[in-house]
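Student: Have a look at this one.
Values quoted throughout were computed directly from the atomic coordinates according to the rules given, and no laboratory measurement underlies them. Keep in mind it's a predicted model, so treat the numbers as computed, not measured. So basically every Cβ, Gly included, is an ideal-geometry build from the backbone, and we count neighbours across all protein chains shown.
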Amino acid sequence: MKIAILSITKNGAELSKRLFNSIKCDVYVKEDFKFNGAKVIDFLLKRFVKKIFKMYDALVFIMATGIVVRVIADCLKDKFDDPAVVVIDEKGNFVISLLSGHVGGANELAKRLSKILDAVPVITTASDVNGIESIDMIAKRYGFEIERREDLSKVSAAIVNKEHVDFILDSELDIDVESKSYIDSTAQVYITNKVVFSKKPHVILRPKNLVVGIGCKKNIQIKKLLQFVESSLVFLNLSKNSIRAIATIELKKKEDALLKLSKYLNVPLKIYSVEDIKKVESLFEGSEFVKKIIGVGSVARPVGYLESNMGKELFYSKKDGMVLSIYQDR
């Protein structure tokens with residue numbers, strides 16, 4: 001976590017120095033209170049904060065909360081994009097998690113800093129106050145992507161208010177979340193790589209646990225490849241947002257369509273050598289013709305198998321010079 005600490009008074013600078021000596025961070029102070037390693041706030045605080053706001057994962061302000069609210073107001077977007085914001089009074093009595101408590105990690109940072117300063121951490125998020133793990137924290141703990149963010153507040157409120165909320169999980173997931181289902185549920189949380197249809201307020205947590213293995217002829221069109229991938233996902237009722245990676249053979253590492261597909265899906269293109277594939281190719285049917293050309297008789301299935309850590313094959317198909325496999329991580 002990249003942290004910036006800002007203060008504008010002598011006492012604030014002294015607290016900044018204590019934190020600077022305890023954690024990895026950048027410290028910004030007024031010129032009059034500069035110490036070795038600190039940087040200078042060289043113009044109006046509001047302008048300065050606007051300049052650095054997106055440069056850090058967390059901003060710690062040692063000053064009055066009212067000042068902080070005013071200087072960050074124009075910088076705010078939403079809880080998924082904003083950095084964590086923590087406020088400390090200049091005497092170091094209280095460490096307040098002000099913004100992005102769960103997703104940004106402000107709550108944990110406030111607790112961490114309060115231990116260093118022997119201060120009182122102030123956490124006001126409803127789930128923490130009530131001793132309930134929030135949806136945001138579940139997502140953060142397991143690296144899930146949150147979909148249907150427009151319903152997040154409704155679903156979170158239902159959980160905090162102890163209403164009946166369904167938790168519907170893929171059975172293969174090894175996570176510490178209990179599956180629950182109620183006839184009279186008011187909201188739902190899905191943890192799945194499948195496409196979801198529901199009329200109730202619901203949030204989807206997407207595990208990144210799908211791998212697409214691809215073999216293809218030279219100069220295949222991206223349009224054809226994308227249609228093949230998307231139609232295969234539709235057939236399986238799987239979400240493209242759960243794709244973790246696409247995989248192929250080293251020979252295809254510069255194939256334009258594969259590079260474009262990787263960029264479109266925003267996932268890495270993982271490359272496997274002929275030697276890698278040979279270790280597992282006996283597990284799959286292969287083509288002698290293909291083997292004479294590239295050294296192995298099959299690509300899509302072996303690379304999908306390898307990248308998914310010997311996972312479960314969900315799909316395998318050939319079409320117009322393209323071969324596709326879809327695996328779920330082991």
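Student: Counting only other residues whose beta carbon sits under 9 Å from that of Ala245, what net charge do I get with K and R as +1, D and E as -1? Numbers along the way, then the final one.
Tutor: Values: positive: Lys208, Arg244, Lys270; negative: Glu307.
Net local charge, Ala245 excluded: +2.
Student: Along the Cα→Cβ direction, 7 angstrom out, place labels at Val274 and Asp32. What is the inter-label distance in nm?
Tutor: Label at Val274, label at Asp32, 7.3 nm between them.
Student: Provide the per-residue ³J(HN,Hα) series for region 316-326, in order, calculated from phi with Karplus coefficients 6.51, -1.76, 1.60 and θ = phi - 60°, each as a whole number of Hz, with x at glycine and proline positions.
Tutor: Running phi through 6.51 cos²θ - 1.76 cosθ + 1.60 with θ = phi - 60° gives 8, 7, 10, 6, 6, x, 10, 10, 10, 10, 10 Hz.
Student: So what are the chain's ellipsoid semi-axes, whole angstrom, largest first, if each one is the square root of 5 times an eigenvalue of the alpha-carbon gyration tensor? Can you show the working numbers first?
Tutor: Values: eigenvalues 449, 139, 53 Å².
One finds semi-axes of 47, 26, 16 Å for the chain.
Student: Run the simple label-point estimate for Lys2 and Ser287 please: 7 Å along Cα→C-beta, distance reported in nm.
Tutor: 4.6 nm
Student: Now, a different point. Roughly what % of Cα-Cα distances in region 135-206 sit above 18 Å, to the whole percent?
Tutor: Working: 769 of 2556 pairs.
Percentage above 18 Å: 30.
Student: OK, next. Note down the net charge around Ile220, summing +1 for each Lys or Arg and -1 for each Asp or Glu among other residues with Cβ under 12 Å from its Cβ. Mind showing how you got there, number by number?
Tutor: Working: positive: Lys217, Lys218, Lys223, Lys224, Lys252, Lys260, Lys319; negative: Glu255, Asp256, Asp320.
Local charge sum for Ile220: +4.
Student: Using unit Cβ charges (K, R positive; D, E negative) and no other charged atoms, how large, in debye to the nearest 20, is the dipole of the chain about its Cα centre?
Tutor: Details: 53 positive and 42 negative charges, 229 e Å.
Around 1100 debye, computed over the chain.
Student: If you don't mind, there's one more thing I want to ask. If we count every other residue with Cβ under 12 angstrom of Lys2's Cβ, Lys/Arg +1 and Asp/Glu -1, where does the sum land? Write out the running numbers ahead of the final one.
Tutor: Details: positive: Lys24, Lys54; negative: Asp26, Asp57.
Taking every other residue near Lys2 into account, the sum is 0.
Student: Pairs to check: Lys17/Lys50; Lys79/Lys252; Lys194/Lys260; Lys10/Lys50; Lys140/Lys223; Lys77/Lys223. Give those whose C-alpha atoms are more than 32 Å from each other in this structure.
Tutor: On the way: Lys17/Lys50 23 Å; Lys79/Lys252 39 Å; Lys194/Lys260 24 Å; Lys10/Lys50 23 Å; Lys140/Lys223 34 Å; Lys77/Lys223 34 Å.
Check vs 32 Å cut-off fails for Lys79/Lys252; Lys140/Lys223; Lys77/Lys223.
Student: Moving to a separate point now. Relative contact order for the chain: what is it in percent, counting Cα pairs under 8 Å that are at least 6 residues apart? Write down the numbers at each step before the final one.
Tutor: Details: 628 pairs, mean separation 32.7, N = 330.
In percent, rounded to a whole number, it is 10.
Student: If packing is taken as the mean number of other Cβ atoms within 10 Å per residue, what is the order of 294-302, 246-254, highest first?
Tutor: Numbers: 294-302: 23.0, 246-254: 19.9.
Ranking the peptides 294-302, 246-254 by packing returns 294-302, 246-254.
Student: Under a plain spin-label model, where a point goes 7 Å from the Cα along Cα-to-Cβ, how far apart in nm are Phe43 and Phe197?
Tutor: For the pair Phe43/Phe197, the computed spacing is 5.5 nm.
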